[in-house]
Amino acid sequence: MHLLDSDLASTHRMRRIVAESNPLLVSYDEDAFIARIPSVAADIAEVLALFEANRRFTARWLRSLAPSDFERTGIHTQRGKVTLQQIVEMYSHHVDHHLTFVVGKRKALGA
């Protein structure tokens, strides 16, 4: 669920950067999401489908932008001033970062 929550938040931030002038991008407490919105009841196939659809939608939308749009900025409450390009780069690597842990867990479980 963390990857889906994170992707939905990042997509919203990206769209606000393009649509608004230097918007405030509020961070969220991922630990609170994990604690208060347990993923145990989630349908994994549904979560994966939504994640994939959001990534596909966002990639298509990003390809439609002008190069200058990637220089637009927002103010993140933890990171300060960020460009659309920086957010895209951060979230394009986010899944790879977590895959390291997934691979390790699968090995530990003998999968």
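The values are calculated or read from the model by the stated rules, or taken from the named source; none is laboratory data. Treat the numbers as computed from the prediction; the structure is a model and nothing was measured. Every residue, glycine among them, receives a Cβ derived from its backbone with ideal geometry; neighbour counts consider all protein chains shown.
Key figures
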read-out: Within segment 13-40, tally of residues that are exposed (fewer than 11 other Cβ atoms within 10 Å of the Cβ) and in a helix (DSSP H, G or I); value: 5
read-out: Top-ranked residue of segment 54-111 - restricted to ones that are surrounded by 12 or more Cβ atoms within 10 Å (Cβ to Cβ) and among the polar types (S, T, N, Q), ranked as modelled with the lowest pLDDT; value: S92
read-out: Residue match in segment 50-61 (condition: at negative phi, more than 16 Å from the chain's Cα centre (by Cα) and free of Cβ contacts under 8 Å to residues at least 12 places away in the same chain); value: no
read-out: Whichever residue in segment 48-98 is of a type in the set (G, A, S) and not in a helix (DSSP H, G or I) and, among such residues, is nearest to L24 (Cα to Cα); value: G74
read-out: Within segment 1-11, considering residues that are farther than 17 Å from E89 by Cβ and not in a loop (DSSP other than H, G, I, E, B), the one modelled with the highest pLDDT; value: L8
read-out: Out of R13, R72, sole residue that is among the charged types (D, E, K, R), touching a residue at least 24 places away in the same chain (Cβ under 8 Å) and closer than 22 Å to M1 by Cα; value: R13
